[in-house]
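Asks: I'd like to ask you about the structure that follows.
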Amino acid sequence: MKPGLTGLPAPVLALGLAVVAASASGGPVPPGLGAVLAPSSPVAQSAATVVRVPISGTIELGVAPFVARALAEAAESGAPAVIIELDTPGGRVDAAWKIIDDLRDAEVPTYAYVNRRALSAGAMIALATDRIYMRPGSTLGAATPVTGEGEKAPEKMVSAMRSEFRALAEERGLDPLVAEAMVDESIEVPGVSEAGRLLTLTTDEATALGVADAEVRDLIELLEVTRLPAAPVREIQPNWAEAIVRFLTNPAVAPLLLSLGFLGLIVEVRTPSFGVAGAVGLASLGAFFGAHHLVHLAGIEEILLFGAGAVLIALEVLVIPGFGIAGILGTAAVLGAAVMGMVGQVPTFDQVFNAAGLVSLSIILVGVATWALVRHLPRSNRFSGLFLRDSTSRETGYLSAPPREDLVGQRGVTSTDLRPTGVAIVNDERIHVVTEGPWLEAGTPIRVLEVASGRVLVRRAKGTPESENRNEV
């Protein structure tokens, strides 16, 4: 068997690369390869290895696939527990909902370790675990949903969050009023929180109410409390694929992708064929919709709508001359798909407004970029070679076609029908001509009247050349 570059047999090396790629994307490892790559496979690790999943900063769309992969790896490796370490001010509710659904369906016991703070969506994630442990001086709660401007969300969203917290509390055997008071400041919990004050619990308050199971100083003490004192801990970090998805779905990056996509499509509409601009535009829009599809924002409906819009724009560019109804409908479909791809499964007015704002920002960026290119790029010394500055007028010697004054007055016969253009044979030469009057059938005698800018004008020839000249007006 021929060895590969690393000294391993080529087939074994290829299979190893396949396993690495599959593990990086969260996919299954092909069966029968565990013995070959046992040192790097999470399945081959000790069954007593506890999995630690850190969630810090804002909870965004890319966090949900990361947590789902970590729970799947923990179940596959037979881990005795998964520790969700939280230090977050909250984030997107739709991302948190996906995480708590995965935690509820987890095949491994899950423990939340509140390391500093678990607020808003972080509190909901903590309540979805089997047990909650808090570091001294930490906080838990303050889960009222807010809009992008920091104002309280409409009652519809508040009601949904209140019911979600109540259900989580009931699952864990906690007082539902305590959980609801974290969402709605109008709820009073006797002896805990008065009406008009949103509930946020400290470590001591959470343990006294039974919301937190215990206070622990660090991860070592948490393992002792959970009766896993000798268990090694393996931390799972986002892989490169999840990092790319989180980058592409970042609110600062998404408008840039849309701007590149729209700018490329606009350039393609103004050019006669498909080129680099269209490829860059489609790649940018594909990255936008692909990333949002992976985080469960863009579904098949948005992708189909975007595809229909792209097809209509392609028809406008490649088939239909000018810019008409197909281009307008295609542009509207692409813009609509972009807005739909940035809102959750149950979008609020605020989410739709923010998504429309990002799309509007993208359109503004495209307009500014187009204006800058048209105004400044032709004057740039660095890119001056891309533009034709010299005159190509007739006076300077440039002609669109060679002069054929020698054809004037010559007689011939039409080779094809002239309706009004066609081909004629003049002096045994095939020439594209245009009739000055009625359409002529093939085989009709003609005479050349005029040649101007490559346009050969002919008329039906009658009789001899002398008699035809006498009848001219």
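The values are calculated or read from the model by the stated rules, or taken from the named source; none is laboratory data. Since we're looking at a predicted model, the values are computed, not measured. Don't worry about glycine lacking a Cβ; one is built from the backbone with ideal geometry, like all the others, and counts go over all protein chains shown. The protein model used for the area step is the full one, side chains on, heavy atoms only, and it has no ligands, DNA or RNA in it. Shrake-Rupley method; radii C 1.70, N 1.55, O 1.52, S 1.80 Å.
Asks: Round to the nearest 0.05 the FRET efficiency obtained for residue 204 and residue 244 when R0 = 45 Å and r is the Cβ-Cβ distance.
Replies: Details: r = 42 Å, r/R0 = 0.93.
Between residue 204 and residue 244 the formula returns 0.60.
Asks: Sticking with this structure for a sec: Considering the options 186, 158, 237, tell which one lies farthest towards the positive end of the dipole of region 123-241, charges being +1 on Lys and Arg and -1 on Asp and Glu at the Cβ, about the Cα centre.
Replies: 237
Asks: As a test question: what accessible area, to the nearest 10 Å², does residue 224 have when a 1.4 Å probe is rolled over all protein chains in place?
Replies: The accessible area comes out at roughly 110 Å².
Asks: Between residue 76 and residue 146, what length in nm is gained on full extension when 0.36 nm per residue of separation is reduced by their alpha carbon distance?
Replies: 21.4 nm
Asks: Measuring from a point 7 Å past the Cα of residue 460 along Cα-to-C-beta, which residues in region 407-421 have an amide N at less than 14 Å?
Replies: Flagged as within label range: 414, 418-419.
Asks: While we're looking at this one, here's another question. For region 114-271, rounded, prolate or oblate, judged on the Cα gyration tensor with a ≥ b ≥ c (square roots of eigenvalues), a/c < 1.5 rounded, else prolate if a/b > b/c? Spell out each step's value before the answer.
Replies: Details: a/c = 3.23, a/b = 1.50, b/c = 2.15.
Oblate.
Asks: Further question: What FRET efficiency, computed as 1/(1 + (r/R0)^6) with R0 = 41 Å and r the Cβ-Cβ distance, is obtained for residue 368 and residue 234, rounded to the nearest 0.05?
Replies: Computed FRET efficiency for residue 368 and residue 234 comes out at 0.25.
Asks: Could you please put 451, 82 in sequence from largest to smallest accessible area, using a 1.4 Å probe?
Replies: Result of the area sort, largest leading: 451, 82.
Asks: Quick one: order 147, 129 from most to least accessible surface, probe 1.4 Å.
Replies: In descending accessible area the options line up as 147, 129.
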